[in-house]
There are 2 protein chains.
Amino acid sequence: MLYAGFMSAALPSFPQPEESLGTPPVLDVGTASDEPCLRADAARNRARLLEAASRLIAEHGAAGVTMEAVAAAAGVGKGTVFRRFGDRTGLLLALLDHSARTLQADFMGGPPPLGPGAPPVDRLRAFGLAVLYRYVEQLDLQLAAQPEASRRFAHPFQQALQTHVTMLLRQIRPGADCELLAHTLLASLDPALISHLTRQRGMPLERLEKGWVDLVARVTGTDV
Amino acid sequence: MLYAGFMSAALPSFPQPEESLGTPPVLDVGTASDEPCLRADAARNRARLLEAASRLIAEHGAAGVTMEAVAAAAGVGKGTVFRRFGDRTGLLLALLDHSARTLQADFMGGPPPLGPGAPPVDRLRAFGLAVLYRYVEQLDLQLAAQPEASRRFAHPFQQALQTHVTMLLRQIRPGADCELLAHTLLASLDPALISHLTRQRGMPLERLEKGWVDLVARVTGTDV
DNA sequence: AATGAAACTGGACCGCAGTCCGCTTAGGAT
DNA sequence: ATCCTAAGCGGACTGCGGTCCAGTTTCATT
């Protein structure tokens, strides 16, 4: 592809045990956590696959992650990859899962201003910046993991963001169409847009930050 | 890859002659209108391909438009389709070309409030609604014609929208980061988002309209 | 320990987007 | 009318995402 560079998963958390046999990579491959309970062999293969995928990304960029290559690198059949992750998007999203959960935990239960305790406007401002940082940090992967248009908003994590923003907006502008407004705000944080602005247009991150802060101020009717 | 730059530069073009082809399609299959001058056989094939594509869409929906099917239906080889339109997205975009040009002509040189003559805020409001209507009207095709993430904003027509909104914003809020703000506003009109809101969420069009009007009011600091 | 069935596996298979390259043809120049 | 060459052509080919299904493995039950 075009840009070789890539960022390894950039997850804040971790100390993982050294890799030995079926365990952990750079990316947190954590527990399935939504998959109720995997059969032992399935769990082992899942871990192998995620590990292989993150290695391939590190080596060849997100574009180099073909399903066959991942399967081969993990020493399993291609069908297994699809059974476990549904499709390519599902695999890539799984790689981002830990980071997504961390963010979600932060804005739902972490310390202010992101978490509860701060005024809603402050939380909203902090929320956008947090999302922005996360996306910028993982831009290539975020881009590659972008599902097809019609499913983009259906993913549970996306819905969680949506719900959270809606909730904050309701506290700030009870009279407004907060659901719709939330979608609008989130649309301005779209990874594809961020990528375009920073790469094609060369806008520095600070400009995007200011843009978000200004947008929030305007939309909520508060001062910058 | 340098496929002939088939799409237009962003210059205003004018109402094209009425199209009369076999089917009276919603879609215009009109003349190339910008391609310097195609060899006779190439021009003929181009027309055949567009006609075939629009027929296939009518029959099987946008998803049924495979490059091979279009080529076969038009009685040409597959390579010809790619040579002419670059890729699938290019073909679908070409089908939308006339409608795009019309809109562009309208907001650049048409009657107010869309065209020049009305106050910038009114123009901006009208602009968003016009875009909204156009997208809703052609949702499936717009969705299918959505290029891969990294190219979404690179298309000349998209740039034209961007430039126009930026220009209007500069007249309304000279101090603001109008370029960035323009991207934000346009992001809220993304076909994928519109599709999600209207189809998955079941929001009626009127709600989206109100949303846009409200957003414009907020962002420009004017009254609703 | 034996058993049965659900869960899992892997690789052959399919359809489609996109590339390649040798052949054909349009159409200007002479 | 003839020639010349760039433009156009088409279909074989590649690579990938995704499906399918016959065979294998796990594990709860007895």
Consider B:Leu186 carefully, then state whether it is open to solvent by less than 10 Å² (accessible area, probe 1.4 Å) and either without any contact (Cβ under 8 Å) to a residue 60 or more places away in the chain or at the interface with chain A (Cβ under 10 Å from one of its Cβ atoms) (or both). no
With the requirement that a residue be open to solvent by 20 Å² or more (accessible area, probe 1.4 Å), in contact with a Ser or Thr (Cβ under 9 Å, 6 or more places away or on another chain) and closer than 13 Å to B:Leu215 by Cα, what does the stretch A:189-224 give you? A:Arg218
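Name the residue that is nearest to DNA strand C (Cβ to nearest atom), counting only residues in the stretch A:98-113 that are open to solvent by less than 50 Å² (accessible area, probe 1.4 Å) and assigned to a helix (DSSP H, G or I). If you could, list the steps in order and put the result at the bottom.
The first filter runs over the stretch A:98-113 and keeps only residues open to solvent by less than 50 Å² (accessible area, probe 1.4 Å), leaving A:98-100, A:102-103, A:107, A:110.
Next, from what is left, pick out any that are assigned to a helix (DSSP H, G or I): A:98-100, A:102-103, A:107.
Numbers: A:His98: 21, A:Ser99: 25, A:Ala100: 23, A:Thr102: 26, A:Leu103: 28, A:Phe107: 32 Å.
Among residues in the stretch A:98-113 that are open to solvent by less than 50 Å² (accessible area, probe 1.4 Å) and assigned to a helix (DSSP H, G or I), the one nearest to DNA strand C (Cβ to nearest atom) is A:His98.
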Could you name every one of the helices (runs of 4 or more DSSP H) located completely within the stretch B:135-192 that has at least 3 residues being touching a Pro at 6+ places or on another chain (Cβ under 6 Å)? B:156-172
Scanning for something facing chain A (nearest Cβ under 10 Å) and open to solvent by 20 Å² or more (accessible area, probe 1.4 Å), does the stretch B:161-171 turn up at least one residue? no
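The values are calculated or read from the model by the stated rules, or taken from the named source; none is laboratory data. On a predicted model such as this, the values are computed, not experimentally measured, just so you know. Virtual Cβ from ideal backbone geometry, glycine too; neighbours counted across all protein chains shown. To get the accessible areas, we keep the full protein, side chains included, count just its heavy atoms, and leave off ligands, DNA and RNA. Shrake-Rupley method; radii C 1.70, N 1.55, O 1.52, S 1.80 Å.
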